[in-house]
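These notes are about the structure you will find just below.
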Amino acid sequence: MSELGPVRAEMRSRTRSDTRTDGGSAPASPGRVLSLIAGGSAETRADIARLTGLARSTVSQRVDALIAHGLLDEPTETGAGGRRLSRRLRLRTRDQLVLGVGLGATHGRVSLLDVAGAELATDEEPLRVADGPERVLGRVVVLAHQLLEAVGQPPSVLRAIGVGLPGPVEFRAGQPVDPPIMPGWHRFPVPAFLTTRLGAATLVDNDVNLMALAERRRHLPDAAHLLFVKMGTGIGCGIIAGGQLHRGARGSAGDIGHIRVGTDETPCRCGNLGCLEATVGGAALARRLSTPEAPLTSTIEVATLVKSGDREAVRLVREAGRSVGEVLSGLVNFFNPEAVVFGGALAAAHDQLLAGVREVVYRRSHPLATRNLRIEPSQSGRDAVALGAGLLAIDHALSPEQVNEALLTATR
Ligand SMILES: [Zn+2]
């Protein structure tokens, strides 16, 4: 189990800024009472009474229902000489787990977390997303069962599942929409497939959104306005606005790879000319750096070449940074983030890339927007998508609406 300090801080930052304002979070509801405990703002029944204004008897009803439903623990603590201390309420974690699934073009990672965010078990293996949804998700189900077995828990402890996919996703439906590198996945019902086999609600999002979520929760809890730019084969951006993921009306917010930049006329896979991604995405850079003797096939190879000091690669990546900076300078003026964070395979060459970005953004964006702006490489590791997917699942499992619904169902 992880130390509670960071988890608490992380959850506090979530409840403070991510709490929805609909019926489920009305101060009187059991779901709202649970979120006060989970977020660390209440530890005892007395705290809850004070924070909600509820009568003590009502608080007891709510708390007893949450304990009976296995969502809260109230361990008896005794002080010196056997004196009973006031009892502290705790989120029950031991049999409340979620699954975080991160799928990339060629690998998959599945992690089991408890609802306080501690990672209990994880597994990663080569998995080609192009093999299609049934095969890939079928394998995810097998890995999930293995992880549950490894921690000695039955599938019934799963409260939610989060999945990150390397393509556009319509979040509400949980379906990929025309994903370019995922043949056979268009409109595939991912939630139905996993929920039928694993018995928990499934949420699906695109990978860069989940990387943004993981970065903010784990490393930048104070950055309520954050852009996470993924520089891989393509280019995408996850947006945290006011502490929450901003997905836009249908889930396509942050698709910055297809903003036109400069006067370049390179055709893009989207059908337009001169898109940022077509000009300086990892695939484009690999193509431009390839020679007949030494062809480059991946973004990782581009980053490696830059790190080895290859002059042409360094020049190109720095120039790529300037092009990205050109797009970002407009976004920074428009959105005024506290931080712009770079991840993805090309970000491994961040010294050169970010030098180009900073050069343009600090010159072209408004001084008020850049005064305290941080432009930096991501601190998350390669587990960011699976972790972000797990955090998304926890948000869902602990949301007041879900908790109220679960309690209602249990008393019906
Ligand atoms: Zn395009």
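The values are calculated or read from the model by the stated rules, or taken from the named source; none is laboratory data. Just so it is clear, the model here is predicted, and its values are computed rather than measured. FYI the Cβ positions are ideal-geometry reconstructions off the backbone, even for glycines, and counts take in every protein chain you see. Accessible surface areas use protein heavy atoms only, side chains included; no ligands, DNA or RNA. Shrake-Rupley method; radii C 1.70, N 1.55, O 1.52, S 1.80 Å.
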Three-way shape call for segment 185-241 based on the alpha-carbon gyration tensor, with the a/c threshold at 1.5: oblate
Among Val163, Val110, Val190, residue whose mean-square fluctuation peaks in a GNM of the chain (springs only between Cα atoms under 10 Å): Val190
Under Karplus coefficients 6.51, -1.76 and 1.60, residue-wise ³J(HN,Hα) of segment 330-344 in Hz, glycine/proline x: x, 5, 5, 4, 6, 10, 6, x, 7, 8, 10, 10, 10, x, x
Dmax and Rg, reported as Rg then Dmax, of segment 198-307 (C-alpha, Å): 16.7, 52
Normalised contact order of segment 223-360, rounded percent, pairs of Cα under 8 Å and 6 or more residues apart: 28
Amide H contacts under 5 Å for Thr266, placed H, 5+ residues apart: Gly274
Heavy-atom accessible surface of the chain: percent carbon and sulfur, 1.4 Å: 51
Extension gain (nm, one decimal) between His219 and Thr297, 0.36 nm per residue minus Cα-Cα: 24.9 nm
Test item: Cα-centred dipole of segment 149-295, Lys/Arg +1 and Asp/Glu -1 on Cβ, debye: 320
Antiparallel DSSP beta bridges within the chain, as percent of all bridges there, nearest 5: 60
The chain: C-alpha pair distances exceeding 32 Å, %: 40
GNM top mover of Ala283, Ala150, Ala393 - the chain, alpha-carbon springs below 10 Å: Ala150
Calculated [θ] (222 nm, deg cm²/dmol) that DSSP helices of n ≥ 4 give over the chain, each run adding -39,500 (n - 2.57): -13500 deg cm²/dmol
Tensor-based shape of segment 255-412 (alpha-carbon gyration tensor, a/c under 1.5 rounded, otherwise prolate or oblate): prolate
Karplus-derived 3J(HN,Hα), 6.51/-1.76/1.60, for each residue of segment 209-225, Hz, glycine and proline x: 4, 6, 5, 4, 4, 5, 4, 5, 5, 8, 10, 10, x, 8, 8, 6, 10
Other-chain or far-sequence residues with amide H under 5 Å of Gln175's (modelled H): Glu170
Under-5 Å amide H pairs with Thr202, H placed in peptide plane, nonlocal only: Ile161
Prolate/oblate/rounded label for segment 142-258 (Cα gyration tensor, a/c 1.5): oblate
J(HN,Hα) series, segment 309-316, from Karplus relation 6.51 cos²θ - 1.76 cosθ + 1.60, nearest Hz, glycine and proline x: x, 4, 4, 5, 5, 4, 4, 5
